[in-house]
Amino acid sequence: MPDRLPLPDLPPECDGPLLAGFSGGLDSTVLLHRLAAEPALRARGLRAVHVHHGLQPQADAWAAHCLEVAAALGVPCEVRRVAPALDAGLGLEAAAREARYAALAAALPRGGVLATAHHQDDQAETFLLRALRASGPEGLGAMRPLRRFGGGWHWRPLLQLPRQALEAYARAHGLGWIDDPSNALAEAERNFLRLEVLPLLRRRWPHAAAALARSATLSAEADALLRADDAALLDQLAGDDGQVLPVEPLQALPAARRARLLRAWIRGLGLPPLPARGVERIERELLPARPDAGARFAWSGARVLRWRGLLHADVERAPLPAHWQAG
């Protein structure tokens, strides 16, 4: 029934305050209305946050609209202004996304739960984008229903629902929402998939979005199993602090397993993800190097060194000044 969208239960450890990301569009308007209809979620301190990117002439009006809608629902709402780094080489879409999630993370209290309105069609788009970027199981797992985020959690309670169900809910409840004109432009990658590719797929396969979203779920399940195996093997091979890997047992692994283990090791140390060429460089230059060669690979402010039969990973350090002397 459109007047009652199902919400999955949160696990017991996700018991902190609930923060809803609220753009004012159809999806987030449905999400906030649905969350506000649950007394138990209100009792957790439900509130909303609208991220003001300032990228559209209507941005101030959109922020005012969100404040009005939230007030009508009796949900506290704040507006956070951001300035996307348009000169960082990320592109407009990615820069706005980074700024938005940084603002949401800053607004989320420790132990809190951020709820966003991603749905099944969004999941299908993400799966296609990751496939076109030649992702493995981790990337093809696309958006997870629940993940760690900032000092708390990121929850996507509508991820199993098609956008059509959200539209039916909005109309059944007489909800009003913002239509961002940029969503009608096919230049951005995700918009191109939404406006051009998925409609074409649905003409031949009406269930296309559901099937792609299901593939994302299966990929995420496979990735979870692989991660568990990676963690068990890292426990065996890594040192007490996890910052070294012995080269000899690493070389004894199949190449595909070794690549996963290297990425898992770097991820576990909190270093930037290895670039696509990173594993290849480590394989070609570090693993076969002489024990005393001091071979290294650096990327994004991090580095991996080979020294005395071990791989060491840490933050790249600036060279010492030429005049520096030990005391």
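The values are calculated or read from the model by the stated rules, or taken from the named source; none is laboratory data. Fair warning: this is a prediction, and the values are worked out from it, not measured in the lab. Glycine gets a Cβ as well: all are built from the backbone with ideal geometry, and neighbour counts include every protein chain shown. Accessible surface is based on the protein model in full, side chains and every heavy atom, while ligands, DNA and RNA are left aside. Shrake-Rupley method; radii C 1.70, N 1.55, O 1.52, S 1.80 Å.
Looking only at segment 162-175, residues that are in contact with a helix residue (DSSP H, G or I) (Cβ under 8 Å, 6 or more places away or on another chain) and either open to solvent by 40 Å² or more (accessible area, probe 1.4 Å) or assigned to a helix (DSSP H, G or I) (or both) come to 7 in all. The residue that is least open to solvent (accessible area, probe 1.4 Å), counting only those in segment 188-204 that are touching a helix residue (DSSP H, G or I) at 6+ places or on another chain (Cβ under 9 Å) and of a type in the set (D, E, K, R), is 190. Exactly one residue out of 234, 253 is in contact with a Phe, Trp or Tyr (Cβ under 7 Å, 6 or more places away or on another chain) and over 21 Å from residue 133 (Cβ atoms): that is 234. Taking the listed residues 124, 117, 142, 83, the one that is aliphatic (A, V, I, L, M) and free of Cβ contacts under 8 Å to residues at least 40 places away in the same chain is 83, with no other qualifying. What about residue 70, is it open to solvent by 40 Å² or more (accessible area, probe 1.4 Å) and in a helix (DSSP H, G or I)? Answer is no for this residue.
When the residues of segment 12-32 are filtered to those that are of a type outside the set (Asp, Glu) and open to solvent by 40 Å² or more (accessible area, probe 1.4 Å), the one that is nearest to the chain's Cα centre (by Cα) is 23. Within segment 85-93, can one find any residue that is surrounded by 13 or more Cβ atoms within 10 Å (Cβ to Cβ), assigned by the TED database to the domain that holds residue 186 and closer than 18 Å to residue 175 by Cβ? Checking segment 85-93: not a single residue is surrounded by 13 or more Cβ atoms within 10 Å (Cβ to Cβ), assigned by the TED database to the domain that holds residue 186 and closer than 18 Å to residue 175 by Cβ.
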